[in-house]
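**Student:** Below is a structure I'd like to ask you about.
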Amino acid sequence: MQVNVTVNGVEHAADIEPRLLLVHFIRDELQMRGTHWGCDTSNCGACTVWVDDEPVKSCTMLAVQAHGKSIATVEGLAKGGVLDPVQQGFMECHGLQCGYCTPGMMMCARALLDRNPHPSEEEIREGISGNICRCTGYKNIVAAIQWAAENPAATVSEVTA
Amino acid sequence: MQTPAPVDYAKATSVADALAKLAEHGEEARVVAGGHSLLPMMKLRLARPDALIDINDIPELAGVRIEGDEIVVGAMTRHRDVLDSAVLAEHYPIFREAERVIADPLVRNRGTIGGSMCQADPASDLSAVGSALKGTAVVVGPGGSRTVALRGFHQGPYETVVGPGEILTELRYPIRPGAGSAYEKVERRAGDWGVATSGVYVVVSGGVVTDCGIGLAAVGADHYCSPEGEAALIGKEPTEENLAAAAAATAASCSPNADQRGPADYKSHLAHELTLRALRRAARASQGA
Ligand SMILES: Cc1cc2nc3c(=O)[nH]c(=O)nc-3n(C[C@H](O)[C@H](O)[C@H](O)COP(=O)(O)OP(=O)(O)OC[C@H]3O[C@@H](n4cnc5c(N)ncnc54)[C@H](O)[C@@H]3O)c2cc1C
Ligand code: FES
Ligand code: FES
């Protein structure tokens, strides 16, 4: 089945099986491995991407359902070679350890701050409650998002491999 | 890696188009709404439809509006829009209180009220809310449309009156001036299904309870409600003693099963305690306090 999607502003077309999950389409067809794939049971949020500006769990959506829609992944967070403040916040505050949950956490955090630029700690915790972290205990993730809220312009350049 | 079995897929553009596509694909075709119950079940082969008819892009199926003395909620209205609805918050805070504790913000961005009703999970929060409020469902099929009381909508766990080839299009809830409402849930961790839940509305007029509805999920309440608890309260003053008696009658009418979320006696205890807490708050709200 033919799908046309825009990912981080770039148009892609592919012929895929309807059963292909969006997370596998992004990782395997488009070879964009920033989006992680974790629990497979709609619980962990590692696979979070935006579909038409709403963060969703991409393991729980078919790629064909994204036809004609616009997708944003963690690879698109940095703009013009400068990190998103959320990314810099995770650096400044030691917001990750193994990094497995991080792309999903950052996509959720960015969406949260776009809707609510000055969230309380409770609102942050609620905002990332669909994202599970097995390493950090969340404290530094919350701090990283608070850092981003307080520093709406990041200054660190993106390093690309 | 979990992946659904091969399946056909078609996107419907209107209710009529969805009905035509369901008919075309036959008995083993299923509607996909938010997909947050259906896709996980397909990955586990607990569901194996031949075809998915996608109703996500049917604008007429989404949204909350008032029609006469009813609030109408389209089946494709997502949890997040139920949570954010000013109309629902004004008339029935029970919706916002329930939605705040349904799953997590990501699931709420996709999951829908219609999917919650049709999935008919015994722990479905919105099924408890719908039964508490004595709402109705509009079901459309090849033979036309019918309206079904939500207290008769579910035929058992994971079973509803919606037949193959039919679609739930909207939920309707009567507006009750002066009603207070509240929802209570105990969950093991943030975002989980309830161990037990109770949601109620209460109308207090002239110092007595003139009307009330009690809905429960995850505690084996028939049709997610307790007419026994309601009967124990109607016509009585909303005193602590009377509310507690109604909560006790409610708990007695439930038959919870022990499972990984807890033993049956604990769930019975919760059915009592959560109903009492919800009744207290709803009665107070109805009296303007
Ligand atoms: C991690 C997680 C946690 C959750 N926690 C909770 C919770 O705490 N409380 C709770 O109540 N729910 C919870 N849910 C379930 C969530 O609310 C689901 O979104 C909901 O049960 C199903 O809605 P859906 O739109 O995703 O339906 P889908 O998965 O698309 O569909 C479910 C079923 O209903 C049918 N269907 C859907 N819409 C229609 C329609 N309009 N007409 C006819 N048939 C239809 C489908 O064919 C399918 O059989 C959770 C889900 C997840 C993944
Ligand atoms: S991989 Fe999607 S929620 Fe865990
Ligand atoms: S940093 Fe390892 S899971 Fe979050």
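The values are calculated or read from the model by the stated rules, or taken from the named source; none is laboratory data. None of these values were measured; they are calculated from a predicted model. Glycine gets a Cβ as well: all are built from the backbone with ideal geometry, and neighbour counts include every protein chain shown. The accessibility values were calculated without ligands, DNA or RNA, using every heavy atom of the protein model including side chains. Shrake-Rupley method; radii C 1.70, N 1.55, O 1.52, S 1.80 Å.
Condition check ((1) in the same structural domain as B:GLY135 (by TED's automatic domain parsing); (2) in contact (Cβ under 8 Å) with a residue 12 or more places away in the chain; (3) in contact with a Cys (Cβ under 7 Å, 6 or more places away or on another chain)) across all residues:
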site: B:GLU159; (1), (2), (3): yes, yes, no
site: B:VAL162; (1), (2), (3): yes, yes, yes
site: B:SER198; (1), (2), (3): no, yes, no
site: B:ILE214; (1), (2), (3): no, yes, yes
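**Student:** Ok, one more. Can you go through A:ILE128, A:ILE71, A:ILE124 and tell me which one is in the same structural domain as A:ALA13 (by TED's automatic domain parsing), in contact with a helix residue (DSSP H, G or I) (Cβ under 8 Å, 6 or more places away or on another chain) and crowded, with 21+ Cβ neighbours inside 10 Å?
**Tutor:** Details: A:ILE128 fails: in the same structural domain as A:ALA13 (by TED's automatic domain parsing); A:ILE124 fails: in the same structural domain as A:ALA13 (by TED's automatic domain parsing).
Only one candidate qualifies: A:ILE71.
**Student:** Then there is this: So B:ARG108 clears everything in (1) within 16 Å of ligand 2 (Cβ to nearest atom); (2) touching a Ser or Thr at 6+ places or on another chain (Cβ under 6 Å) except one condition, right? Which one?
**Tutor:** Unmet condition: (2).
**Student:** Follow-up. Output the residues belonging to segment B:146-192 that are within 16 Å of ligand 2 (Cβ to nearest atom) and hydrophobic (A, V, I, L, M, F, W, C). Walk me through how you get there before you give the answer.
**Tutor:** Applying the first criterion (within 16 Å of ligand 2 (Cβ to nearest atom)) to segment B:146-192 yields B:189-192.
Within segment B:146-192, B:ALA190 is the sole residue that qualifies.
**Student:** Pick out, from segment B:72-131, the helices (runs of 4 or more DSSP H) lying fully within it that include 1 or more residues that are buried (at least 24 other Cβ atoms within 10 Å of the Cβ) and away from chain A (no Cβ under 13 Å). Before the answer, list the steps.
**Tutor:** Values: elements: B:79-84, B:86-91, B:93-99, B:105-108, B:113-119.
Where helices (runs of 4 or more DSSP H) fall fully within segment B:72-131 and carry at least 1 residues being buried (at least 24 other Cβ atoms within 10 Å of the Cβ) and away from chain A (no Cβ under 13 Å), they are B:79-84, B:93-99, B:113-119.
**Student:** With respect to B:ALA231, is the statement that it is of a type in the set (A, V, I, L, M) and surrounded by 15 or more Cβ atoms within 10 Å (Cβ to Cβ) true?
**Tutor:** no
**Student:** May I pose another question? Could you list, in sequence order, the residues of segment B:85-120 that are under 25 Å from A:TRP50 (Cβ atoms) and among the β-branched types (Val, Ile, Thr)?
**Tutor:** Matches in segment B:85-120: B:VAL101, B:ILE102, B:VAL107, B:THR112, B:ILE113.
**Student:** So which of B:ILE53, B:ILE71 is more than 9 Å from ligand 1 (Cβ to nearest atom) and touching a residue at least 24 places away in the same chain (Cβ under 8 Å)?
**Tutor:** Answer to the selection: B:ILE71.
**Student:** How many residues does segment B:47-71 contain that are within 26 Å of B:VAL202 (Cα to Cα), over 17 Å from the mean Cα position of the chain (by Cα) and part of a strand (DSSP E or B)?
**Tutor:** Residues flagged as within 26 Å of B:VAL202 (Cα to Cα), over 17 Å from the mean Cα position of the chain (by Cα) and part of a strand (DSSP E or B) within segment B:47-71 amount to 3.
**Student:** Go through (1) over 30 Å from A:ARG19 (Cα atoms); (2) away from ligand 3 (no atom under 16 Å from the Cβ); (3) without any contact (Cβ under 8 Å) to a residue 60 or more places away in the chain and name the single condition A:GLN88 misses.
**Tutor:** The one condition A:GLN88 does not meet is (3).
**Student:** Being within 12 Å of the chain's Cα centre (by Cα) and either within 16 Å of ligand 3 (Cβ to nearest atom) or buried (at least 20 other Cβ atoms within 10 Å of the Cβ) (or both) is the filter here, so list the residues in segment A:53-68 that pass it. If you could, list the steps in order and put the result at the bottom.
**Tutor:** Here is the first cut: in segment A:53-68, the residues within 12 Å of the chain's Cα centre (by Cα) are A:53-58.
Answer for segment A:53-68, where residues must be within 12 Å of the chain's Cα centre (by Cα) and either within 16 Å of ligand 3 (Cβ to nearest atom) or buried (at least 20 other Cβ atoms within 10 Å of the Cβ) (or both): A:PRO55, A:VAL56, A:LYS57, A:SER58.
**Student:** While we're here: Filter segment A:107-161 down to the residues that are among the aliphatic types (A, V, I, L, M), touching a strand residue (DSSP E or B) at 6+ places or on another chain (Cβ under 9 Å) and assigned to a helix (DSSP H, G or I), then identify the one that is farthest from A:HIS36 (Cα to Cα).
**Tutor:** This residue is A:LEU112.
**Student:** Among residues belonging to segment B:202-212 that are out of contact with any Cys (no Cβ under 8 Å at 6 or more places or on another chain) and open to solvent by less than 10 Å² (accessible area, probe 1.4 Å), point out the one that is farthest from B:ALA249 (Cα to Cα). Reasoning before the result, please.
**Tutor:** The first filter runs over segment B:202-212 and keeps only residues out of contact with any Cys (no Cβ under 8 Å at 6 or more places or on another chain), leaving B:204-212.
Of the ones still in play, those that are also open to solvent by less than 10 Å² (accessible area, probe 1.4 Å) are B:209, B:212.
Working: B:VAL209: 16, B:CYS212: 14 Å.
Filtering segment B:202-212 for residues that are out of contact with any Cys (no Cβ under 8 Å at 6 or more places or on another chain) and open to solvent by less than 10 Å² (accessible area, probe 1.4 Å), the one farthest from B:ALA249 (Cα to Cα) comes out as B:VAL209.
**Student:** Let me ask something else about it. Considering only residues of segment B:121-131 that are under 9 Å from the mean Cα position of the chain (by Cα) and aliphatic (A, V, I, L, M), which is farthest from B:MET41 (Cα to Cα)? Before you say what the answer is, go through the steps one by one.
**Tutor:** Filtering segment B:121-131 for residues under 9 Å from the mean Cα position of the chain (by Cα) gives B:124-131.
So of that shortlist, the ones also aliphatic (A, V, I, L, M) come out as B:126, B:128-129.
Working: B:LEU126: 20, B:ALA128: 22, B:VAL129: 24 Å.
If we take residues in segment B:121-131 being under 9 Å from the mean Cα position of the chain (by Cα) and aliphatic (A, V, I, L, M), then B:VAL129 is farthest from B:MET41 (Cα to Cα).
**Student:** Across segment A:35-52, which residue is nearest to B:PRO4 (Cα to Cα) among those that are more than 6 Å from ligand 2 (Cβ to nearest atom) and open to solvent by 20 Å² or more (accessible area, probe 1.4 Å)?
**Tutor:** This residue is A:THR41.
**Student:** Which one of these does A:GLY95 not meet: (1) in a loop (DSSP other than H, G, I, E, B); (2) touching a residue at least 60 places away in the same chain (Cβ under 8 Å); (3) crowded, with 23+ Cβ neighbours inside 10 Å?
**Tutor:** (2)
**Student:** Same structure again: Of (1) within 11 Å of chain B (Cβ to nearest Cβ); (2) β-branched (Val, Ile, Thr); (3) open to solvent by 30 Å² or more (accessible area, probe 1.4 Å); (4) more than 10 Å from ligand 2 (Cβ to nearest atom), A:VAL82 satisfies all except one. Which?
**Tutor:** (1)
**Student:** Considering only segment A:1-58, state which residues are away from chain B (no Cβ under 14 Å), polar (S, T, N, Q) and part of a loop (DSSP other than H, G, I, E, B).
**Tutor:** A:ASN8, A:GLN31
**Student:** A further question on this structure: Based on this model, can you work out whether B:PRO40 counts as open to solvent by less than 20 Å² (accessible area, probe 1.4 Å), farther than 15 Å from B:VAL138 by Cα and not in a strand (DSSP E or B)?
**Tutor:** It is false that B:PRO40 is open to solvent by less than 20 Å² (accessible area, probe 1.4 Å), farther than 15 Å from B:VAL138 by Cα and not in a strand (DSSP E or B).
**Student:** Moving on. Residue by residue through segment A:65-105, note down the ones that are within 19 Å of A:THR6 (Cβ to Cβ) and touching a Cys at 6+ places or on another chain (Cβ under 6 Å).
**Tutor:** Scanning segment A:65-105 gives no hits.
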